[in-house]
Amino acid sequence: MEEIRRSAPSVEEAIEAALGELGLSEQEADVQVVQEPRSGVFGVGAQEAIVVVRSRVKPDGDVSEDDLDEQAEIATEFLEGMLERMGITATVEPAFEDGTMYVDVIGPEPDDEDMGLLIGRHGQTLEAIQELARVAIGQRTGLPARVVVDIEDYRKRQIERLSARAREVALRVARSGRSETLEPMNPFLRKMVHTAVAGIDGVDSSSEGEGAERRVVIRRTR
């Protein structure tokens, strides 16, 4: 199984950095705390937390193609039922793009008001729908959910913009040596940032803060 060793000022930050690089959730990994952090006395003897995170999922793509197709069918069925109960007319279509299985919700016409309601302010309603679909998939298959719910390509545009911005900031940090902190974001988006930053030499990323104020910090490593 794939594993990674990471250090950070806190155990939580070290775990999140490792999970972000592996592209896993906490439920999909085993975590071993190798060293607890210590502040030391006047800075002497201080030490960072060190963790080893091991993947529980298969290294060949998390789930098989058949499993992924099944997850897409479950998510499609769930979303169609939800839309019917809400009285919303829309098409639900699975689509595999750039290594990700999306289940797209498409309105009957551009800028449909119902689609805006499903996305919600800053995508908050979409996040809730994603979580419900994840639970439905987990209950039916017992496997980690690898399907991303999207509405009118909102998620794809969001990921594209965020990844491009994260790479731009990482390159700037690599040149200047000055750390930069991004705005607060949810775990899914922080994971996208960690993944984008992992592709840039000479920089690393970790998360700081609590709850809704948790942010990604990008630092130069050499």
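The values are calculated or read from the model by the stated rules, or taken from the named source; none is laboratory data. Just so you know, these numbers come straight off a predicted model, no measurement behind them. Cβ: placed from backbone, ideal geometry, glycine included. Neighbour counts: every protein chain shown. Just the protein is used for accessible areas: all its heavy atoms, side chains included, with ligands, DNA and RNA removed. Shrake-Rupley method; radii C 1.70, N 1.55, O 1.52, S 1.80 Å.
Assorted remarks:
- The range 107-119 residues that are at positive phi, paired with ones that are assigned to a loop (DSSP other than H, G, I, E, B) (beta carbon under 8 Å, 6 or more apart): none
- Hits in the range 71-95 - residues which are free of Cβ contacts under 8 Å to residues at least 12 places away in the same chain and under 23 Å from Leu143 (Cα atoms): Glu77, Gly81, Ala95
- Members of the range 193-222 that are part of a strand (DSSP E or B) and touching a residue at least 60 places away in the same chain (Cβ under 8 Å): Asp204, Ser205, Ser206, Ser207, Glu208
- Some residue of the range 121-134 being farther than 15 Å from Ala17 by Cα and β-branched (Val, Ile, Thr): yes
- The one condition in (1) open to solvent by 30 Å² or more (accessible area, probe 1.4 Å); (2) touching a residue at least 12 places away in the same chain (Cβ under 8 Å); (3) charged (D, E, K, R) that Arg190 fails to fulfil: (1)
- Filtering the range 25-54 to residues that are at pLDDT below 80, closer than 25 Å to Asn186 by Cα and hydrophobic (A, V, I, L, M, F, W, C) leaves only Ala29.
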